[in-house]
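S.K.: If you scroll down you'll find the structure; I have some questions about it.
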Amino acid sequence: MMDISCTVNGKRRSFRCSPAETLQRLLKRSGYIAVRNSDDGEGFSGSDTILFDGVPRCASLLLAPQADGHEILTPDGLARARELTVVQQAMVDAGVVQSGYNAPAAALLLTDLLQRIPSPTHADIDDALSGLFNRATGYRQFYQAVELAVTRRGNRSAYAHETVPEFREELKHVGKVRAKVDGRKLVTGSRAFVEDAAAPDACAVYMLTSPHAHAYITAIDTHKALALEGVLAVITHENCPDVYYGQAGQGFPEPSPYDRRMFNRKVRHVGDRVAAVIAEDEEAGRQALALIDVAYEVLPPVLSIDEALNPGAPIIHKSQVVYVTGAPDRLDSYNVDADDRDGKVIYQFPIHGDPHRNIAAAVEGGIGNLEKGFAEAETVIERTYETSQIQCTPLETHTAYAYTDGDRLIIHASTQVPWHVRRITANVCGLSENKVQVIKERVGGGYGSKQDVLLEDVAAYAALITGRPVFYRFTREQEFIANSTRHPMRIRVKLGAKRDGSLTAIDMDVKANTGPYGNHCLTVPMNACSKSLPLVKCENVHFSVTTCYSNIPPTGAYQGYGAPKGNFAVQLALAELADELGMDQLDFLEKNRVDAGYTLEILRCLGEGREGTPAPVSSCGLGEALRQGAELIGWGRHEHSANPEVKIGKGVVLVQQGSGLPGLDHSCADISLLSDGTFMLHSGGADLGTGLDTVSVKFAAEVLNVPMDAVSILSGDTDNTPFDTGAYASSGTFFSGSASKMAAEDLRIQIIRAAAALLDEPEQNLSLRYPGEAVSQVSGSVVTYRDLARALLNGTGSGQLTGKASFTTEDSAFPYGAHFCQVAVNTRTGQVRVEKYAALQDCGTPVNPELALGQIYGGVLKSIGHSLYEQMVLNDRGECLNASLRDYGVPMISEMPDDFRAVLIETDDPFGPYGAKSVSEISTNGAAPVIASAIHDAVGVWVRDWPFTPEKILRGLGKID
Amino acid sequence: VQEKEQEMIQKYLRPTAMAEALECKSREKEKAYFLAGGTELLRLNSPLHVETAVDLQDLDLSGVSIAEDGIRIGGCTTFTELLDHKEVPDFLKTAVLYAGSRTLRNAATIAGNIAAMRWDSYLLPVCIAAKVRLELADLGDDGLVHQESVPIREFISHPEVYRDSLIAAVLHRNFSRSVVSERLVRSRQAPPEFSAAIGADIRREEDGNCSFSSSRVVLAGRGIRSGNGDVGVFRLTGVEQAINSGDIADEQDLVEAVRSEVLTETDQFGSAGYRRYLASAVISDLYNRMRTSACSGETSGEGR
C-alpha cells in the first residue's frame, strides 16, 4: 500500500492506496461520488472526468499514485453549498439534464471550456464535449446551455429560454420552461443513484457466466469457492428457488412466458447465469469465481431466425410447456418429448407459442380483404427488410442494492417498473408483497432496458439468504452480454396501390428473434405492426408475427419497442412504392396519411396480449409537421456537393407511437396539504430521467394555483407511493401525469369545501387563486392555504386533506411526427454523413418543452446510431466481439447532424392531461427509414438492413461483389 | 464495488531521473512498462500485462523544440500539446485529431502511442510515412544513459531489441517531405475500418512533372495483411517501389499494385472484397491528393 497526498476540490487530502488502484476508484470510495465509472474504465464515456491540474482527464486512466502532489477538481466540487454555478444552472435550464448520470461531468467540461475560451463556437463545444457520451438528450442543447452561460456571466438574470418555445399561454406552468425538479440534484453530482445508496461494507454479487451459447450444465462444484474466506454464498441452479418467471416488467398477467428460473441447468447464451458468488470483498469474489468447477455438455448454437425455424434445428426450450389459462388440447402429448433439463415454459395465456419448434409466440390478424385489395392494385411491390440487435447502453448500467430490515426485504433499484420489480422479486424469493419494498432511485438512463428485471432478483435473494446488504451492478461488458436489446427482425412488406397512389392493400410479415428467453416476445413484434400500419389509410391490411427463440444475447424492451423496426420496414416500403409509382415521396405520404377523426380499425386486432379495440385519431399534427419540415429541409431542391464523389439526397417519413397502453396501464397518485399550505405529492410514476416528476409537479401546481416550488414529490416507492404499472410504452405523462392531475383536482375540491366551511360561504362561490389561497368571488373573503391547513390541523379541525386518484382509460392519444433528413453519400468510400435532420413532432401540449426537445434530439441520435454505426458483432459461437462502447460504436457529439432541429407541433388532445401526449419513444422511429430513403435519393441504392454500412452502400453501387 | 482496478499492477515507481527510470525498467524486466499518459498502458483490455508501472511524470520529457535540423518532440508531449504548438507539422496534427476525444488527447502522448504499436494506432502510420526518427534512451553497461537516434522503421521491425528503451523524443527533420493520411471510421471514435498514410520526397521537374523518392506507403486495418504476412501497421514496399520508379501512370496501376500486395480476409466485421476495394481506393486517393498538391506547387500534402 502507498500513501499519497493531493489537493481535491481545494482541500489537501491524504489517501492510502494500492499501486493498482485507479484514481477513479480511489476518489469514488473517498466520497467523491460524481467521479463515476460507466465504461469499465475504457476512458470513453467521460463519467470519470476530473480536472487534473486544471486539465480534463479520465480518472480511470490514471493510477491513484500518479495523483500524488497534484490538484484535482471533481464534478461535485464545482458548486458551493446550494448555489449552482452559472454553467450548471444553464444546463438545467437548457434541458440537457435528463437522466443526468453524466451531467456533472458535462458541467465540469463546459466550465473548463469557458475558462479557456470565453465565447466558444459550436466547434469549440464539440471539441470540449468530445469525450462525453450522452445517450439521453443527444448533444444539440449543449449549444444553448453554453450560450446561456455566456450570456449570464454578464447578466445573471438573463432569460432562460429565449431559444425554447413555450405553449399554452393561459397556463402558468404547463408548456413553460421550468427547472426540472431533480435538475439541481443531478447536475451537482449529489447522491442520486443506487450506487450512492449502497453501504460501503455491502457485499457484492460476482456472476459466473456461461462461455457457451447453448449447453447443459452437467456438473457444478462450488465447494472450493464456498470455503474461501469472505465468500458468504454461492447460488446455482442446484440451490436457487424453484420458481419460473420472466424478466419482462409487464402488467400481470404478462404476455411474456415464464421460461427461466434464477439459474437453469441449461445455459442459452454466452453470458447466461451459471453461478452467483456473494462475497464480502472483490478479491474473494473473483477468486471464488475461478474456483467453481463447471462441466458442460455443449450443444450447437442457434443464432439466426432461419436457423431457429429450420426443421430439425436444435431446440432452445425443449421444456415442459404449461398454460395457466387456455391450455390447448393435446398438451400432454406435446410435452411427451420434453427434456427435464430444459425446465418449463409457462404461458399465462395462449400466445401461439410452440417452443418445441423454437417458436416463442405468434399472432396474425387483419382487416378488410387482402386478396381483393391486391387485385384492385395497379402496382404491387414486395420487399424484405432486416433490423439488427441494438444495445440500450444506459450510462448507468443495471444496478440493484438489497438488504433485509427485520422480516422485510428492501431493494433500491434503477428501474422503470418498481411495482413489477416488487411482484417478481417477491415471487422469486417466496415472500408476500407486503414484505418487499422497492425504492426507485434516480435512473441514469433506462430506455426500456430497465423495464426488465435483470439483476434485482439475484440481489434480493442474496440479501435474503445471507442477511447482509448486497450490491449488484453490471459491468459494461456484462451489460453487453446480459442486457435486453432490440429484437433483430426480418420484415416482409407487400404493398398494393392504384396508379394515383392510393393504397389498396398492405401485407406485413414479421419474423423476430427473441434470443434465449421470451422477454416481450409477443408484444415487441406486434408493436412493430401496431405503430407502423396505422399511419396510413388502407382498408385491406394483414399482418403476421412469428417470434423465435435462439442463442443470441437477450432481447427485450428498448425505446420505441417494436416501432423503430416496423416503421423502418413500412415507411421504406412506402418510399419504394412511391418511387415505383413515380410519385414524389412527400405527396405520396400526404395522400395516404391518417388525420384527425380517422378511425384506426387495424387496432382491433393489435391489442397487447388481449383483444384490441379500434380507436379514433383524436388529434394529429401530421399535416403541419409535413409542411414545416418540407420548408426546413428544402424539399424538392436538389443539393450538390463540391466533391464530385459525394452525392446529396433527402428523405421524409412519418412516425407515430402511443401514450401508454389504454386498458392495461394503471397509475395512482395522492397529494396532501401540509400544515404550512404547501403540498406533498406521491406519485407511483417512475421518472427515468425524462422529467415525469416535473410533469406531475407542474400538473399539481397548475390545478392548485401555486408555484411549483410549493409542491414536492416522492415517486416510485412501493411503500410510500401508490401503485403504478411503470414507465414504459410512453405512458408517463398520459397515465402517471393524469393520475397526479386528478389527485390534485380531488384535493382542489376538498380545499374548496374546507375553505367554504371556514369562510361560511357556499362552495360554488369559491375559487383557488395564485399563489395559494381560496377566494370568494362574491364576498371577496380569502383564506390562504396556510391558514386553512392550520385550521384543519389544530386539533379541532377535520384533519389533513389528501386528494387521491386512480387513473385508467380506454382512450388513446397518439403522438405523430414527420422526420426529414439530408444525407451526403461518398460514393468512393460508401460513407454516409447525416448533414441535416429535422424531427417535427406532435406531442399534444408539450408540458416541459425543453425536456421534450431533449428527448427528441436524444431519440433521433440514438436511432441514427442504430442506422449507421451501432452493431453487436457475434461470431458463430454467439460471442459478442465488440462488448465495449467504443467498439460497439455509439454516436458521440461528432456524429450529430450538422443542422439538427427538433420542432414541437402543438395540438390539444382531448384525452391527454392538458392536451398532452407522449414524446420520447416516437423520436426513435424515424431515422432508419428516413436515412435509407435519403440514401436512395442520393445514389439510387435501397439499403434494406441495419446498419447502413459503407460496405453495403458500395455493394449497392456495384463497386464490390 | 466492482470499480475498475488495474489488477496486474503490483508496483508503482516514480523515478526522478532518466537513469533511474531506465534502471527501474531494466531491473523489473519485461513486466515493467513506462507509464506516460496511461491511455495505452491502462486502456481497457490492454494486451500488456503490466506488473510494474514506471511513471515518467517527473522526467522532463514534454515539449516541442526547434533546431536547425528539425523538430524535436519530447516523448511525453501530449496530443493536446501537439495541436497547440504552431511548429508541429500539419500531418501530425491531422493524425492527432483522429483521436476524437479531447479528454483522451489531454493524456495521450506521442511516445506512448508509438510504443504501444497497435494496429489502430493514431500516429504510427504517419510517423512511419514521415520517416521520423526516435531518440531512444538506454542504460549502458556502464550505468550511464546512452541516447541514440533510430529510424522508426527499425524500432517497429525489431521490438525485441528496443524492449527496454525509452522513447525520449520524436525527431522530424525532413520538412519538405509530403505526408498525407486517412483513417476511415464508421463513427469518429470507433476503431478504424482502415488507416493509411503515404509519405514521399517529391521533386518538381522542369517539365512540370513530379518525381517521387523515398516513398513510404503504410496501411493498417482489421482483416488485412501484407503479402509478406505482416499484420498490424505495415508497409507496402512493392507499391513504394512502383511510386519511386514512376511506374504509376494512372489509378489502375496503383490499384493493381495495391491489390497485388494486400491480402484481405472476411470476418464478422467486413468482407475481403470490401477491404480489398477500400485499400486500393484509399491508397489511390491519398496518392492523388499528395501528387496534386505537391505538383501544383502548393504546400505538399499535410506536411510543412
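The values are calculated or read from the model by the stated rules, or taken from the named source; none is laboratory data. Since this is a predicted model, take the numbers as computed values, not measurements. Counting neighbours? That spans all protein chains shown, and the Cβs are built from the backbone with ideal geometry, glycine included.
S.K.: Test A:R422 against the criterion of being surrounded by fewer than 22 Cβ atoms within 10 Å (Cβ to Cβ) and more than 30 Å from A:L868 (Cβ to Cβ), and give yes or no. Working first, answer last.
M.R.: Values: surrounded by fewer than 22 Cβ atoms within 10 Å (Cβ to Cβ): no; more than 30 Å from A:L868 (Cβ to Cβ): yes.
Spelling it out, it is not the case that A:R422 is surrounded by fewer than 22 Cβ atoms within 10 Å (Cβ to Cβ) and more than 30 Å from A:L868 (Cβ to Cβ).
S.K.: Another one. Mind listing whichever residues of the range B:19-51 are within 12 Å of chain A (Cβ to nearest Cβ) and of a type in the set (K, R)?
M.R.: Matches in the range B:19-51: B:R43 only.
S.K.: Considering only the range A:101-137, how many residues are away from every other protein chain (no Cβ under 14 Å), touching a Phe, Trp or Tyr at 6+ places or on another chain (Cβ under 9 Å) and outside any helix (DSSP H, G or I)?
M.R.: Total satisfying the criteria: 3.
S.K.: Do you know which of the residues in the range A:863-893 that are assigned to a loop (DSSP other than H, G, I, E, B) and charged (D, E, K, R) is nearest to the chain's Cα centre (by Cα)?
M.R.: A:E870
S.K.: If only one of A:I713, A:I752 is in contact with a strand residue (DSSP E or B) (Cβ under 6 Å, 6 or more places away or on another chain) and part of a strand (DSSP E or B), which one is it?
M.R.: From the options A:I713, A:I752, the qualifying one is A:I713.
S.K.: Something else: Which pairs do you get when a residue that is more than 13 Å from chain A (Cβ to nearest Cβ) and hydrophobic (A, V, I, L, M, F, W, C), found in the range B:52-65, comes within reach of a residue that is surrounded by 17 or more Cβ atoms within 10 Å (Cβ to Cβ) and part of a strand (DSSP E or B), reach meaning Cβ atoms under 6 angstrom, with the pair 6+ apart or on two chains?
M.R.: From residues that are more than 13 Å from chain A (Cβ to nearest Cβ) and hydrophobic (A, V, I, L, M, F, W, C), the pairs are B:L61/B:G74; B:V64/B:I73.
S.K.: Looking at B:D230, B:D253, which is the one that is away from chain A (no Cβ under 14 Å), under 23 Å from B:F155 (Cα atoms) and among the charged types (D, E, K, R)?
M.R.: It is B:D230.
S.K.: Right, something else. Testing A:G597 on (1) touching a residue at least 24 places away in the same chain (Cβ under 8 Å); (2) under 30 Å from A:T845 (Cβ atoms), one condition comes back false. Which one is that?
M.R.: (1)
S.K.: Also, quick follow-up: Consider the range A:381-402. How many of its residues are in a loop (DSSP other than H, G, I, E, B), among the small types (G, A, S) and touching a strand residue (DSSP E or B) at 6+ places or on another chain (Cβ under 7 Å)?
M.R.: Let us first name the residues in the range A:381-402 that are in a loop (DSSP other than H, G, I, E, B), namely A:388-390, A:392-398.
Checking the rest, the ones that are also among the small types (G, A, S) come to A:388.
Then drop every residue that is not touching a strand residue (DSSP E or B) at 6+ places or on another chain (Cβ under 7 Å), which leaves none.
Final tally of qualifying residues: 0.
S.K.: Also: Is it the case that A:G607 is without any contact (Cβ under 8 Å) to a residue 60 or more places away in the chain and either within 18 Å of A:D842 (Cα to Cα) or out of contact with any Gly (no Cβ under 6 Å at 6 or more places or on another chain) (or both)?
M.R.: yes
S.K.: Another question, then. Just one of A:Y857, A:Y869 is facing chain B (nearest Cβ under 8 Å), in contact (Cβ under 8 Å) with a residue 12 or more places away in the chain and not β-branched (V, I, T); which is it? So that I can check it myself, show each step before the final result.
M.R.: On the way: A:Y857 fails: facing chain B (nearest Cβ under 8 Å).
Result: A:Y869 is the single residue among A:Y857, A:Y869 that is facing chain B (nearest Cβ under 8 Å), in contact (Cβ under 8 Å) with a residue 12 or more places away in the chain and not β-branched (V, I, T).
S.K.: Based on what the data block shows, is A:D40 in contact (Cβ under 8 Å) with a residue 40 or more places away in the chain, under 26 Å from the mean Cα position of the chain (by Cα), facing chain B (nearest Cβ under 10 Å) and over 21 Å from B:T80 (Cα atoms)?
M.R.: Considered against the rule, which asks whether it is in contact (Cβ under 8 Å) with a residue 40 or more places away in the chain, under 26 Å from the mean Cα position of the chain (by Cα), facing chain B (nearest Cβ under 10 Å) and over 21 Å from B:T80 (Cα atoms), A:D40 comes out as yes.
S.K.: Given the range A:413-499, what strands (runs of 3 or more DSSP E) lie entirely inside it while holding 2 or more residues that are within 24 Å of A:G689 (Cα to Cα)? Walk me through how you get there before you give the answer.
M.R.: On the way: elements: A:436-440, A:470-473, A:489-497.
Per the criteria, A:436-440, A:470-473.
S.K.: Pull out all pairs, ordered by first then second residue, where Cβ-Cβ is under 7 Å, the residues are six or more apart or on different chains, the first lies in the range A:57-81 and is away from chain B (no Cβ under 14 Å), and the second is assigned to a helix (DSSP H, G or I) and among the hydroxyl-bearing types (S, T, Y).
M.R.: Sorted first by the residue in the range A:57-81, then by its partner, the pairs are A:L78/A:T111.
S.K.: Let me ask something additional. Given the criteria more than 10 Å from chain B (Cβ to nearest Cβ), crowded, with 23+ Cβ neighbours inside 10 Å and touching a residue at least 12 places away in the same chain (Cβ under 8 Å), does A:V823 qualify?
M.R.: On the way: more than 10 Å from chain B (Cβ to nearest Cβ): yes; crowded, with 23+ Cβ neighbours inside 10 Å: yes; touching a residue at least 12 places away in the same chain (Cβ under 8 Å): yes.
Against the criterion (more than 10 Å from chain B (Cβ to nearest Cβ), crowded, with 23+ Cβ neighbours inside 10 Å and touching a residue at least 12 places away in the same chain (Cβ under 8 Å)), A:V823 qualifies.
S.K.: Under 8 Å between Cβ atoms, which residue pairs at least 6 apart in sequence (or on different chains) link something in the range A:752-778 that is more than 17 Å from A:S798 (Cα to Cα) and without any contact (Cβ under 8 Å) to a residue 24 or more places away in the chain with a partner that is part of a strand (DSSP E or B) and among the basic types (K, R)?
M.R.: Pairs found: A:V775/A:R769.
S.K.: Within the bounds of the range B:263-282, is there any residue that is touching a residue at least 40 places away in the same chain (Cβ under 8 Å), of a type in the set (A, V, I, L, M), more than 14 Å from every other protein chain (Cβ to nearest Cβ) and within 18 Å of B:E182 (Cα to Cα)?
M.R.: At the first step, the residues of the range B:263-282 found to be touching a residue at least 40 places away in the same chain (Cβ under 8 Å) are B:264-267, B:269-270, B:272, B:275, B:278-279, B:282.
Remaining after also requiring of a type in the set (A, V, I, L, M): B:272, B:278-279, B:282.
Then keep just the ones that are more than 14 Å from every other protein chain (Cβ to nearest Cβ); that gives none.
No: zero hits.
S.K.: Given the structure, is A:S920 surrounded by 23 or more Cβ atoms within 10 Å (Cβ to Cβ), polar (S, T, N, Q) and either within 14 Å of chain B (Cβ to nearest Cβ) or closer than 25 Å to A:E631 by Cα (or both)?
M.R.: yes
Residue by residue, here is whether (1) over 21 Å from A:G496 (Cβ atoms); (2) touching a residue at least 12 places away in the same chain (Cβ under 8 Å); (3) polar (S, T, N, Q); (4) part of a strand (DSSP E or B) holds:
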position: A:G566; (1), (2), (3), (4): no, yes, no, no
position: A:V570; (1), (2), (3), (4): no, yes, no, no
position: A:H640; (1), (2), (3), (4): yes, no, no, no
position: A:V653; (1), (2), (3), (4): no, yes, no, yes
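S.K.: Let me ask you something else. What number of residues within the range A:464-481 are within 31 Å of the chain's Cα centre (by Cα) and more than 14 Å from chain B (Cβ to nearest Cβ)?
M.R.: So the count comes out to 2.
S.K.: Please state which one of A:V174, A:V164, A:V205 is assigned to a strand (DSSP E or B) and surrounded by 19 or more Cβ atoms within 10 Å (Cβ to Cβ).
M.R.: A:V205
S.K.: Looking only at the range B:132-187, filter to residues that are aliphatic (A, V, I, L, M), more than 14 Å from chain A (Cβ to nearest Cβ) and out of contact with any helix residue (DSSP H, G or I) (no Cβ under 9 Å at 6 or more places or on another chain); which one of those is surrounded by the most Cβ atoms within 10 Å (Cβ to Cβ)? Full working, then the answer.
M.R.: Initially, the range B:132-187 is screened for residues aliphatic (A, V, I, L, M), giving B:132, B:134, B:136-137, B:139, B:144-145, B:150, B:152, B:156, B:161, B:166-171, B:179-180, B:184-185.
Restricting the remaining residues to those that are more than 14 Å from chain A (Cβ to nearest Cβ) gives B:132, B:134, B:136-137, B:139, B:144-145, B:150, B:152, B:156, B:161, B:166-171, B:179-180.
Of the ones still in play, those that are also out of contact with any helix residue (DSSP H, G or I) (no Cβ under 9 Å at 6 or more places or on another chain) are B:150, B:171.
Working: B:V150: 17, B:L171: 19.
So the residue we want is B:L171.
S.K.: Just one of A:S672, A:S659, A:S696 is touching a helix residue (DSSP H, G or I) at 6+ places or on another chain (Cβ under 8 Å), among the small types (G, A, S), in a loop (DSSP other than H, G, I, E, B) and on the phi < 0 side of the Ramachandran plot; which is it?
M.R.: A:S659
S.K.: Sort out which residues of the range A:259-280 are surrounded by 24 or more Cβ atoms within 10 Å (Cβ to Cβ) and farther than 16 Å from A:I217 by Cα, and write them in order of number.
M.R.: Result: A:D259, A:V277, A:I278, A:A279.
S.K.: Would you confirm, using the coordinates I've provided, whether A:E624 is surrounded by fewer than 24 Cβ atoms within 10 Å (Cβ to Cβ), modelled with pLDDT of 95 or more and more than 26 Å from the chain's Cα centre (by Cα)?
M.R.: yes
S.K.: Checking A:Q657 against (1) of a type outside the set (G, A, S); (2) crowded, with 23+ Cβ neighbours inside 10 Å; (3) in contact with a strand residue (DSSP E or B) (Cβ under 6 Å, 6 or more places away or on another chain), which test does it fail?
M.R.: Among (1) of a type outside the set (G, A, S); (2) crowded, with 23+ Cβ neighbours inside 10 Å; (3) in contact with a strand residue (DSSP E or B) (Cβ under 6 Å, 6 or more places away or on another chain), A:Q657 violates only (3).
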